[in-house]
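For reference, the structure discussed in these notes is given below.
Readers should treat all values here as calculations from the given coordinates under stated rules, not as data from a laboratory. Because the structure is a prediction, the values reported are computed rather than measured. Methodologically, a virtual Cβ is constructed for each residue, glycine included, from the backbone with ideal geometry; neighbour enumeration extends over all protein chains shown.
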Amino acid sequence: MPVPLLRLASLDLVRGFVAVGRRMSITLAAQDLCLSQSAVSRQVQALEEALGVKLLNRGYRSISFTSEGEHLFRIADDALLQLQEAWGALSESRSRAPVTIGGCISVTGLWLLPRLGSLRQRHPHIDVCLTSNDKPLDLKTEGVDIAIRYCPETNAPQGAVRLFGELILPVIRPSLAKPHQSLLEAIAGQVLLEFDNPKYPWLHWSDFLSALGTEIPKPKGMLRFNQYNQVVQAAIAGQGIALGRQALVAPMLADQRLVALSANENARAGSFAYWLLQTAPHPRQDVLEVTAWIREEAQCCDVKQEQGLD
C-alpha cells in the first residue's frame with residue numbers, strides 16, 4: 001500500500017542512495033554529486049533511519065546491498081532514470097538554438113548588422129548567429145537556416161525569394177561634399193575608392209564612368225580594396241568617393257555619415273539582386289519569424305520598385 005507523499009523521504013536522500021548503488025562506491029558517488037564522502041554517507045544513513053531498515057552492508061573498502069537495499073535500488077534507479085530523461089527533454093526544449101543567417105561579408109556587415117536591434121525588439125526570445133563568407137556555402141552542412149544570396153535572377157537558387165534590387169550611386173563624407181558640385185567636379189578633386197573584384201565590374205569606376213558618355217576628368221588618385229566593407233569605411237573616414245550600393249549604405253545615408261553625389265542624375269540600377277533562401281522545407285517557428293522580419297525590412301530597400309528602374 002503506497003504511503004502518503006508527506007512520509008516519503010527527501011529526493012536528496014534517494015538520489016544519494018542511487019548514486020552509491022550505481023557506482024557501488026561512496027567515494028565515486030560523492031564525485032558524481034560534487035559532495036563530500038561524509039555527506040553522501042549521511043544521506044544513505046538518513047534514508048535507512050527513515051525506512052527503519054538497513055540498505056547497505058559496509059565492509060572494509062567495500063559495500064554491498066542488503067536484500068531490502070537491492071529491491072529499493074532497482075525501483076529507485078528506474079524512477080530516477082525516467083526523471084533524468086524527462087528533465088533533460090524539458091531542459092532541451094527550453095534551450096534556444098540560434099537562427100543562423102548566412103550571407104556575403106558586405107550584406108551581413110552593412111545590411112543585417114544595423115538592423116539587428118529591430119529584430120531584438122520584436123523577437124527578444126530568438127537568438128541569432130550571423131555567418132559571413134563570400135564563397136558559396138553548402139547550407140545544410142554549414143548549419144545555416146537562412147541565406148541571403150547576391151546574384152542575377154537567372155542564378156537565383158530554386159525557391160529563393162527576391163528581397164530587393166541594387167542601385168549604384170556615388171557617395172562621400174558630408175564634409176567633403178561641396179554645395180551644387182557636380183559629380184565630374186567632385187571626381188577632379190577627390191580620390192576614387194574602388195571594390196577591386198573582377199567578378200563585379202559594375203562596381204568599378206571605369207564601368208560606372210564610361211556609362212556617363214562624357215569626358216571624365218582625372219581624379220586625384222585611386223584606392224582599391226578587396227572587401228566592399230572597406231570601401232564604405234574608407235568613404236566614411238573621408239578618404240574619397242565610393243560607389244555606394246544603395247541598400248547597403250542606406251543606414252549611413254540616413255544618419256548622414258555619407259551623402260549621395262547627384263543621386264538622381266548618376267544612379268545606376270544593377271543587374272544583380274538580393275535573394276532570400278531557407279534551408280529546410282519546413283522551418284521551425286523561430287526561423288519563420290526571422291524570415292518574415294527580413295522580408296519586411298527588405299521592402300523599403302527594393303530600389304527597382306521605388307525608382308521604377310529596369
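The order of 58, 268, going from fewest to most other C-beta atoms within 10 Å of their C-beta, is 58, 268.
Exposure proxy ranking for 212, 163, based on other Cβ atoms within 10 angstrom of each Cβ and starting from the fewest, stands as 212, 163. Rounded to the nearest 10 degrees, the inclination of helix 37-51 to the longest alpha-carbon principal axis of the chain is 60 degrees. Give me the angle, in degrees from 0 to 90, between the Cα long axis of helix 11-23 and the longest principal axis of the Cα atoms of the chain, rounded to the nearest 10. Approximately 90 degrees, to the nearest ten.
Of 53, 171, 3, how do they rank once you tally other Cβ atoms within 10 Å and put the fewest first? Intermediate results must be reported in sequence, preceding the final value.
Working: 53 14, 171 27, 3 7.
Least to most surrounded, the residues fall as 3, 53, 171.
Relative to the Cα centre, the charge distribution of the chain, modelled as +1 at Lys and Arg Cβ and -1 at Asp and Glu Cβ, gives a dipole magnitude of about 640 debye.
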